Amino acid sequence: MKRKIAVILAADIAGYSRLIAEDEEETLRRFETYRTVFAEFVERGGGRIFNTAGDAILAEFESAVEAVRAAVDVQESLRARNLAYPPSRHMNFRIGITIGDVVERENGDLLGDGVNVAARLESVAPPGGVCISRSVHEAVASKMDLTFADAGPQTLKNIPERIHAYTLALDEPPSAHGQGDDADGEITPASSARAPADRNSRLVTAGLAVLGLAVVGAYAYEYTPRSVLEGVGLVATEPEANEGPSPATTQVAAAEEPEPDTPTEPATPSPAPARTEEQATSIERNVEDAIATLDGNAGPTRTPPTPLASRYVLTRQWKDCQESTDADVALNACKGLIDTAGFTPDDQAIIHYKYARALRDKGEPAQAIEHYRRSIELKPAADTYQHRAIAHYDQGDYLEAVADFDEALKLKPQSAEALNNRAWTYYKAGDADRALEDANRAIQFDGSKAYIWDTRAHILEELGKTPEAIRDYRKALQLDAGYTSSRDGLRRLGAPP
């Protein structure tokens, strides 16, 4: 056994006993899925899971920043998955993180104060949130754009000294009966005591909360598909038909991103008339209802505020899935949205398409092909067929690539990109005659692209038609003087540019 200092992350599921009692099979199935997602984020952060007893997960990291980042990513991803279930069936992890002294056993398991403190801090975290020790807070406070609430010194079970804790409620879910129960039946302590305040200051706080919800609502409207906006009452009219993955300029060597699906802008509201005293009283009562809900004191006659903030994670993931140029970010965001409730089949077609693009960018064409298939099943699109063909090409499966280019051309018969790509695939497969037919048609439809002239030049060179090949290489360089492939072709043929 060896002793070392490590960053320890401990997690378990709030209300796990209740979830098991209500539906054991479904709970166990989902837990395995969630644990797999958890493990992926831990590994991505350079950590490792060293114990998974019951519903608990224990992991170690070398970096406090990576541990906190993994915790936040886990909570955001799982929160999006929870949207597919009613609130009473949400599976929310609580996560505790500390830096401490541990002993590593021969089997890789860790023991010691660091593990014990992390496990107890986890019980202080709100469901769906994170609780960290002061040592972790000092390590990450200036490096991460997160705001932790100071929960003060905490008396933790079987820990002799009080531990100063900080909590992060990423998007605290509404409490359900029994959701605060530990697996062993203990009640979760409050994350921090709420200081008393006079009525006016509470109204100001609630007003700021309402303003915050308005900002989140605007963000949600801009980036969430209409199908999801409809579900939270942000769109009153019937959503327009989704166009599916937007057209992309696709080459075998490279492909541009299609435009993301954009919801229709809401109509500008007319100026509100002056409010009567009765209306003003009603508004004040609604603010008080919001206060009571935030305090957990909402009575049976109170109506909780619309939970727009709970959509923040979903809209952020949709935006990252659609727009991120970082393959890792897009991969994570799209994965968290797959099969999430609230999206139409057309939305899911886009999500699978984007996820497949990210997988191919990460050098995983086989997995990309599977998600292109799922996208096509939901909504066939020429661009999806083209990109699946490119993934087949990456694997050297030219016959399957040609078959998918055929399908793309059925949907877009005059696509110069698809014709060029099929021509190049025929060329690589040794069928220069068919390749030349496609290259000629591609130039007929769009003779403004250097890469199309370069494709035909390679084919002509293969067929021994040197003068014609030189002509096409030079044409490509006229369109793009920096096109290296054409410059190399002229060099091979001993011709000047």
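All of the numbers you see were taken from the coordinates with simple rules; none came from a lab. These numbers come from a predicted model, not from an experiment. Note that we place each Cβ from the backbone using ideal geometry, even for glycine, and neighbour counts take in every protein chain shown.
With respect to the cross-link table entries 157/335; 362/449; 2/335; 335/428; 4/319; 143/379, which display a Cα-Cα separation exceeding 31 Å?
In this structure, 157/335; 2/335; 335/428; 4/319; 143/379 lie more than 31 Å apart at Cα.
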* Structure fact -> With +1 at each Lys and Arg Cβ and -1 at each Asp and Glu Cβ, the charge dipole magnitude of the range 336-417 around its Cα centre, to the nearest 20 debye, comes out at 160 debye
* To do: Please give the per residue volume of the convex hull enclosing the alpha carbon atoms of the range 361-416, rounded to a whole number of Å³.
  => 73 Å³
* How much length, in nm to one decimal, is gained on full extension between residue 463 and residue 147, taken as 0.36 nm per residue of separation minus their Cα-Cα distance? -> 107.2 nm
* Give me the distance in nm between label points sitting 7 Å out from Cα along the Cα-to-Cβ direction at residue 319 and residue 105, one decimal. => 4.6 nm
* Determine, for 384, 466, the number of other Cβ atoms within 10 Å of each Cβ, and report the residues in order from fewest to most. => 466, 384
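Just to verify a number: FRET efficiency for residue 113 and residue 52, C-beta to C-beta distance, R0 = 22 Å, to 0.05?
E between residue 113 and residue 52, to the nearest 0.05, is 0.60.
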* Would you compute the Debye intensity of the range 2-168 from its alpha-carbon atoms alone, equal scatterers and no solvent, and pass along log10 I(q)/I(0) at q = 0.08, 0.09, 0.12, 0.20 Å⁻¹ to two decimals? => -0.22, -0.28, -0.50, -1.34
* Asked: Put +1 on the Cβ of each Lys and Arg and -1 on the Cβ of each Asp and Glu in the range 421-497; which of 495, 423, 464 then has its Cα farthest toward the positive end of the dipole?
  -> 495
* Asked: Taking a spot 7 Å from the Cα of residue 488 along the direction of its beta carbon, which residues of the range 420-442 have an amide N less than 13 Å from it?
  -> none
* Distance in nm between pseudo-label sites at residue 84 and residue 403 (7 Å out along the Cβ direction from Cα) -> 2.9 nm
* Asked: Put +1 on the Cβ of every Lys and Arg and -1 on every Asp and Glu Cβ in the range 2-168; which of 140, 19, 78 then has its Cα farthest towards the positive end of the dipole?
  -> 140
* Specify which residue in the list 486, 439, 452 is farthest towards the positive end of the charge dipole of the range 421-497, using unit charges on the beta carbon of Lys, Arg (+1) and Asp, Glu (-1), about the Cα centre. => 486
* Asked: How many angstrom lie between the C-alpha centres of the range 401-435 and the range 1-40?
  -> 48 Å
* Structure fact -> Around residue 166 (Cβ within 12 Å, Cβ-to-Cβ, excluding residue 166; K/R +1, D/E -1) the net charge comes to -1
* **Dipole moment magnitude, nearest 20 debye, the range 421-497 about Cα centre, only Lys, Arg, Asp, Glu C-beta charged** => 180 debye
* Structure fact -> The FRET efficiency for residue 478 and residue 43, from their Cβ-Cβ distance with R0 = 56 Å and rounded to 0.05, is 0.70
* Calculate the length of the line joining the C-alpha centroid of the range 119-152 to that of the range 367-386, in whole Å. => 42 Å
* How high is the FRET efficiency from residue 29 to residue 161, r the C-beta distance, R0 41 Å, rounded to 0.05? -> 0.50
* Structure fact -> Under the 7 Å Cα-to-Cβ spin-label approximation, residue 410 and residue 373 lie apart by a distance in nanometres of 1.7 nm
* **For the range 154-169 and the range 444-471, distance of Cα centres in Å** => 71 Å
